[in-house]
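The structure appears right after this line, and notes come after that.
The values are calculated or read from the model by the stated rules, or taken from the named source; none is laboratory data. Nothing here was measured: the structure is a model prediction, and the numbers come from that model. Every residue, glycine among them, receives a Cβ derived from its backbone with ideal geometry; neighbour counts consider all protein chains shown.
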């Protein structure tokens, strides 16, 4: 499949069918493919094609870092427009940065930091401040709400 392929009924079945659950087994892709009426090779090829064509941005698990003993926080900074891409590169270079969002606000760069060790959050934020010269604001979670997000293709 090429990068410009149109999303077809099989792609939609894959996208819809893999949201909210994936087999935990010795051969999970084979098991998922069987459930979808596909071969394992076809499922893998189509997932890669969906990623290559940017129809999906990622395919992987969502972990709750806190339940596994880690920590997560939302952080923001004010990046000067002329340095925005440079600063985004510095922020994104940290393996602990899970997402990075541009916002039309004084604090124009927001990002999520997830660490295995809760004490490391402050360290990562300090490193980003030192590298970028920007003040990083930490917005730790006060309360958690579960919102299941599924997109029907």
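Among the residues of segment 5-30, which ones are touching a helix residue (DSSP H, G or I) at 6+ places or on another chain (Cβ under 8 Å), in a loop (DSSP other than H, G, I, E, B) and at pLDDT 90 or above?
25, 27
Could you list, in sequence order, all residues of segment 3-22 that are touching a residue at least 12 places away in the same chain (Cβ under 8 Å) and farther than 15 Å from residue 153 by Cα?
Result: 3, 4, 5, 22.
Residue by residue, here is whether (1) at pLDDT 90 or above; (2) closer than 23 Å to residue 141 by Cα holds:
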{"residue": "3", "(1), (2)": "no, no"}
{"residue": "32", "(1), (2)": "yes, no"}
{"residue": "81", "(1), (2)": "yes, no"}
{"residue": "104", "(1), (2)": "yes, yes"}
